[in-house]
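Below: the structure, in structure tokens.
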Amino acid sequence: MLRRLEERAYFWLRVPPEPEPPAGAPGSLQTFRAGKNYLYLRMFVWVGTQIGAVFGLLFSLYFIDELELQIEMERAANEREARAAREVTPAAEAVEPEISIPTETLAEVEPGVYETQRQENAPPPQEFNPADIPRGVFHQVFHNVAPRWLRELPQRIPGEALFWIKLAELFGLFLFGLQFFWTLLAVRIDYAQRWYMVTDRSLRLRWGVVKIQETTMSFANLQQVSVHQGPLQRFLKIADVEVRSAGGGSGEEEQGGDSMHRSVFHAVENAPEIRDLILTRLKRFRQAGLGEPDDAKDQPAESVPPEKVDGNALDAAQELLAETRALRTELK
């Protein structure tokens, strides 16, 4: 299912399956991809993010449950106050204290034999208290781990807001389900769309999901190749290979990511091999004195070496020279 969604995403985003190779001699192209551990790291971060989102939804459900409890308790308190107001005696009448008067009842202890038993007045029934309602395990667990401000927050929110809070919770659940599949798909596409191509003349890098970014750098302008590896990358056995071209500095515009003067082979497993390959081809490129692929089109005609002159034209010139010498001999 995820594979089919990935194919549909490529179709919707109009993403070509792979970039066109950069300029170079046939057979010199080598393609590199991000390491598998980079994908595992992204998946680990994705799982952690989803767990955090699930806990956020559970805490919001606890908040709604606690708000409903507060509303129920407030309603019960209002009912008790209203009942007490109806039963209150007029102010002119004196209120006598309630005295417990024992009563005598006949109880049959044996067939045909009755005894008189004294019984105190039964205590009045206890009022219903919503706080005594046993809550579910879910509510109790989150009530114990929730911070104090979250437990007290429902007491400050009016009950009229409960409808809108529940509506927001439903919208949050919908967004969670929508982002669950999209973010998982984005992780896979981000890994699959990391292409690093190297030829004997240039290199091309492509990455991105929604916004596809592609950088092409010629060896004619390449100045620096370096490998960077942090502690986590060492643990995962991946590294970054950074290449800089002429004119690239260390300005603020380059600190935030790739630019036209700086490109990075992100999270590759064979960083030393890529670095050595680029340096070797860069050395050969400079020793051969090669220029850009379009330089030959702009080269003037007089700069063509004599050895590249057509052989037929040379033979014709030699024949013309021989005929000229023969004609001079006859004239003498």
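Scan segment 23-41 for residues that are within 21 Å of D190 (Cα to Cα) and surrounded by 14 or more Cβ atoms within 10 Å (Cβ to Cβ) and jot them down.
Q30, F32, R33, A34, G35, K36, N37, Y38, L39, L41 - these are the residues of segment 23-41 that are within 21 Å of D190 (Cα to Cα) and surrounded by 14 or more Cβ atoms within 10 Å (Cβ to Cβ).
Only strands (runs of 3 or more DSSP E) wholly contained in segment 15-127 count here; list those with 1 or more residues that are modelled with pLDDT of 80 or more.
30-33
Hey, can you tell me all the residues within segment 142-173 that are of a type in the set (D, E) and within 30 Å of the chain's Cα centre (by Cα)?
E169 - this is the single residue of segment 142-173 that is of a type in the set (D, E) and within 30 Å of the chain's Cα centre (by Cα).
Go over the candidates F63, F32, F59 one by one and state the one that is aromatic (F, W, Y) and either in contact with a strand residue (DSSP E or B) (Cβ under 8 Å, 6 or more places away or on another chain) or closer than 24 Å to V198 by Cα (or both).
F32
The values are calculated or read from the model by the stated rules, or taken from the named source; none is laboratory data. Because the structure is a prediction, the values reported are computed rather than measured. Because the Cβ atoms are built from the backbone with ideal geometry, glycine has one as well, and the counts that use them run over all protein chains shown.
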